[in-house]
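S.K.: Sharing a structure below in structure tokens format, with a few things to ask.
The values are calculated or read from the model by the stated rules, or taken from the named source; none is laboratory data. Predicted, not measured: the structure shown is a model, and the values here were computed from it. Neighbour counts run over all protein chains shown; Cβ positions are idealised from the backbone, glycine included. Side chains included, ligands, DNA and RNA excluded: accessible areas come from the protein's heavy atoms. Shrake-Rupley method; radii C 1.70, N 1.55, O 1.52, S 1.80 Å.
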Amino acid sequence: MPAPSAATFKRLADLVAVPDAATRPTRPVLEAFTGKQLATVPVGTAQDAKDAITRARTAQNGWGDRPVVERSAIFNRYHDLVLQNRDSLMDMAQAETGKSRAAAQEEILDIAMTARYYARVAPKLLRPRRVAGMLPGLTKTVVRYQPKGVVGVISPWNYPMTLAVSDAIAALLAGNAVVLKPDSQTPYCALACVELLYQAGLARDLFAVVPGPGSVVGAALVESSDFVMFTGSTATGRLLAEQAGARLIGFSAELGGKNPMIVMAGADLQEVADAAVRGCYSNSGQLCVSIERIYVEQSIAPEFTRIFGERVTNITLGAGYEFGIEMGSLISEEQLKAVARHVDDAVAKGATVIAGGKARPDLGPLFYEPTVLTGVPAEAECYRDETFGPLVSIYPVAGVDEAVEQANDTEYGLNASVWAATKSQGEAIAARIRAGTVNVDEGYGPAWGSTGAPMGGMGISGVGRRHGPEGLTKYTEPQTIATTRILNLGGPRGVPPKLWAKILPPVVKALQWIPGR
Ligand code: NAD
């Protein structure tokens, strides 16, 4: 199966929210497997982003007032369309990023699951809610959820479909409009997903895609939107947090990780090795939740290193638009250099290569072998810093306490994986880890795929959460409407103020006996 056709790129290019696109400067979009040009994309400006926000604001007025079930119907249709069109979507995901077919499928399934989950729960989550009023029976208090307005979404290249649209799905269902700035290397992935959303019935101005440089288009979104959802590096996240903070607008960020796996004696090492391959090398390790550090109990460390090393050496690596190849390419020269630098630096400082350890230009310009290191010293860059590539290091530990201490010895706190003799031991270890998600007996999939549960980072791995109820309500302004009935705070007519002031404290005291107060 080849990359998507020129006609597909042309059709999708017409969807960018950049007027007179034919007259604009363009940027090439490359096929990662080969380095060949697939298409070009118009480069948007700060003004394009601001204009898209203005149009989005107008469109949002009516959208926010529509019954939630009507909004949900669009996303139920979208769920079906995404699954029906999965082959062409996977082709696009692979073409722009060089990822394996299986990693491309993860994106499609994630979008479908997120659309269905939020379509189902949004009516309930957004329903006005009665809470206990100030004075029982005398104060009627209702909490309502107003949309923020226009949400700016800034997304990265590694999962360029799901990270561009899944957060937007929740924002749209909450009644907002969205303006998206996709990563410049992967604009067509975002456009291919958004095209299906328009087909499902969403008005174009409610979800505009403005491609362009982060420092120009991304910055304009932060300057003019009402809430920013960012996925990307911790460095960019810090910058955007400052800008959003200065405007006092809401900001949610899913950032980097240096995710640990703990393997205790008694775990099935063959099973751990297979799962660690998924956990470390899915999407060629260019995955925020992928594992980069493995802490193994001393007594089983040699055996685990041997089993895992053999398994990694046998990973199938290559280009191809079909299932069966386990690992694909990296996305860019920059990524290739970053991975090679981390490996070479660790080896120069004394680390041992157990598997991989080199680029594979024979397979394509951006391939790098899945790599396992041992003996990585604390001075090596990859000891603490996120590699964001197919590199994992194994460290022996004396027992659970040292494993937990080492796992938590990081500023990051995104994801972790735990393997022990029993599931309950694994869960007990998991509860001691400072990370937003922990998977017992798997790498990252079950926690990420539990769409009903919050996902996000502690420490410098993020602010706020996606998925779960909080992944939708963060896009709302909760509003309390309290209506006074029968009696107002001045007391009953005819009761002297002094007497009323005496009555109030015992009344407040008595309120403590009423449930829910
Ligand atoms: P990046 O921060 O360089 O870029 C992400 C997006 O931000 C891109 O669209 C980029 O154009 C834009 N951007 C860059 N500078 C900007 C600026 N000054 N103002 C506004 N926008 C700007 O990140 P990346 O290298 O593309 O992505 C990899 C990083 O993302 C890794 O650290 C990875 O861990 C993280 N990530 C996190 C998650 C998560 O859910 N926690 C998911 C995927 C990736």
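S.K.: Which of the following residues is in contact (Cβ under 8 Å) with a residue 60 or more places away in the chain, surrounded by fewer than 19 Cβ atoms within 10 Å (Cβ to Cβ) and farther than 26 Å from Met90 by Cα: Gly320, Gly309?
M.R.: Only one candidate passes the filter, namely Gly309.
S.K.: Applying the selection to the range 38-65, what residues are open to solvent by 50 Å² or more (accessible area, probe 1.4 Å), touching a residue at least 60 places away in the same chain (Cβ under 8 Å) and outside any helix (DSSP H, G or I)?
M.R.: Passing the criteria: only Thr45.
S.K.: Can we say Pro370 is assigned by TED's automatic domain parsing to the domain that holds Gln286 and within 27 Å of Gly436 (Cα to Cα)? Break it down stepwise before answering.
M.R.: Numbers: assigned by TED's automatic domain parsing to the domain that holds Gln286: yes; within 27 Å of Gly436 (Cα to Cα): yes.
It is true that Pro370 is assigned by TED's automatic domain parsing to the domain that holds Gln286 and within 27 Å of Gly436 (Cα to Cα).
S.K.: Give me the pairs, please: first residue somewhere in the range 254-271 and touching a residue at least 12 places away in the same chain (Cβ under 8 Å), second residue anywhere and in a loop (DSSP other than H, G, I, E, B) and among the hydroxyl-bearing types (Ser, Thr, Tyr), beta-carbon distance under 6 Å, and either six or more positions apart or on two chains.
M.R.: Gly256/Ser233; Gly257/Tyr412; Lys258/Thr410; Lys258/Tyr412
S.K.: Taking Glu31 as the residue in question, decide whether it is open to solvent by 20 Å² or more (accessible area, probe 1.4 Å), at pLDDT 95 or above, over 25 Å from Ala115 (Cβ atoms) and charged (D, E, K, R).
M.R.: Numbers: open to solvent by 20 Å² or more (accessible area, probe 1.4 Å): yes; at pLDDT 95 or above: yes; over 25 Å from Ala115 (Cβ atoms): yes; charged (D, E, K, R): yes.
Criteria met by Glu31.
S.K.: Of the residues Ile394, Ile354, which single one is farther than 18 Å from Gln335 by Cα, over 20 Å from the mean Cα position of the chain (by Cα), open to solvent by less than 30 Å² (accessible area, probe 1.4 Å) and assigned by TED's automatic domain parsing to the domain that holds Glu271?
M.R.: Numbers: Ile354 fails: open to solvent by less than 30 Å² (accessible area, probe 1.4 Å).
None of the others qualify; the one that does is Ile394.
S.K.: Sticking with this one: In this structure, does Asp274 turn out to be open to solvent by 20 Å² or more (accessible area, probe 1.4 Å), more than 10 Å from the ligand (Cβ to nearest atom), touching a residue at least 40 places away in the same chain (Cβ under 8 Å) and not basic (Lys, Arg)? So that I can check it myself, show each step before the final result.
M.R.: Numbers: open to solvent by 20 Å² or more (accessible area, probe 1.4 Å): yes; more than 10 Å from the ligand (Cβ to nearest atom): yes; touching a residue at least 40 places away in the same chain (Cβ under 8 Å): no; not basic (Lys, Arg): yes.
Answer is no for this residue.
S.K.: Which residue pairs have Cβ atoms under 8 Å apart, sit 6 or more places apart or on different chains, and have a first residue in the range 383-401 that is over 20 Å from Ala355 (Cα atoms) and a second that is assigned to a strand (DSSP E or B) and among the aromatic types (Phe, Trp, Tyr)?
M.R.: Val397/Tyr295
S.K.: Another question, if that's okay. Among the residues of the range 283-306, how many are within 16 Å of the ligand (Cβ to nearest atom) and either of a type in the set (Asp, Glu) or assigned to a loop (DSSP other than H, G, I, E, B) (or both)?
M.R.: Counting residues in the range 283-306 that are within 16 Å of the ligand (Cβ to nearest atom) and either of a type in the set (Asp, Glu) or assigned to a loop (DSSP other than H, G, I, E, B) (or both) gives 6.
S.K.: For the range 397-433, how many residues meet the condition of being open to solvent by 70 Å² or more (accessible area, probe 1.4 Å) and in contact with a Ser or Thr (Cβ under 9 Å, 6 or more places away or on another chain)?
M.R.: So the count comes out to 1.
S.K.: State which residue is nearest to Cys280 (Cα to Cα) when the search covers only the range 438-452 and only residues that are open to solvent by 10 Å² or more (accessible area, probe 1.4 Å) and outside any loop (DSSP other than H, G, I, E, B).
M.R.: For the range 438-452, the residue satisfying everything is Gly445.
S.K.: List the number of the failed condition for Cys280; all other conditions in (1) touching a strand residue (DSSP E or B) at 6+ places or on another chain (Cβ under 9 Å); (2) outside any loop (DSSP other than H, G, I, E, B); (3) among the hydrophobic types (A, V, I, L, M, F, W, C); (4) open to solvent by 20 Å² or more (accessible area, probe 1.4 Å) hold.
M.R.: Result: Cys280 fails condition (4) only.
S.K.: Another question, then. May I ask you to say which residue of Pro160, Pro136, Pro147, Pro128 is away from the ligand (no atom under 16 Å from the Cβ) and either touching a helix residue (DSSP H, G or I) at 6+ places or on another chain (Cβ under 6 Å) or outside the structural domain of Ala200 (by TED's automatic domain parsing) (or both)?
M.R.: Values: Pro160 fails: away from the ligand (no atom under 16 Å from the Cβ); Pro136 fails: either touching a helix residue (DSSP H, G or I) at 6+ places or on another chain (Cβ under 6 Å) or outside the structural domain of Ala200 (by TED's automatic domain parsing) (or both); Pro128 fails: either touching a helix residue (DSSP H, G or I) at 6+ places or on another chain (Cβ under 6 Å) or outside the structural domain of Ala200 (by TED's automatic domain parsing) (or both).
Exactly one of Pro160, Pro136, Pro147, Pro128 is away from the ligand (no atom under 16 Å from the Cβ) and either touching a helix residue (DSSP H, G or I) at 6+ places or on another chain (Cβ under 6 Å) or outside the structural domain of Ala200 (by TED's automatic domain parsing) (or both), namely Pro147.
S.K.: Within the range 187-241, take every residue that is among the charged types (D, E, K, R) and either part of a helix (DSSP H, G or I) or near the ligand (Cβ under 7 Å from one of its atoms) (or both) and give me the one that is nearest to Tyr159 (Cα to Cα).
M.R.: So, considering only residues that are among the charged types (D, E, K, R) and either part of a helix (DSSP H, G or I) or near the ligand (Cβ under 7 Å from one of its atoms) (or both), the one nearest to Tyr159 (Cα to Cα) is Glu195.
S.K.: Are any residues in the range 163-186 away from the ligand (no atom under 12 Å from the Cβ) and not in a strand (DSSP E or B), and if so, which ones?
M.R.: Kept after step one, since they are away from the ligand (no atom under 12 Å from the Cβ), are these residues of the range 163-186: 165, 168-179.
The answer is Val165, Ala168, Ile169, Ala170, Ala171, Leu172, Leu173, Ala174, Gly175, Asn176.
S.K.: Something else about it: Could you tell me which residue of the range 237-268 is farthest from Glu303 (Cα to Cα), considering only residues that are over 21 Å from the mean Cα position of the chain (by Cα) and crowded, with 20+ Cβ neighbours inside 10 Å?
M.R.: In this case the residue turns out to be Ile262.
S.K.: Among the numbered criteria (1) more than 16 Å from the ligand (Cβ to nearest atom); (2) of a type outside the set (S, T, N, Q); (3) assigned to a loop (DSSP other than H, G, I, E, B), which one does Pro478 miss?
M.R.: Against the list (1) more than 16 Å from the ligand (Cβ to nearest atom); (2) of a type outside the set (S, T, N, Q); (3) assigned to a loop (DSSP other than H, G, I, E, B), Pro478 comes up short only on (3).
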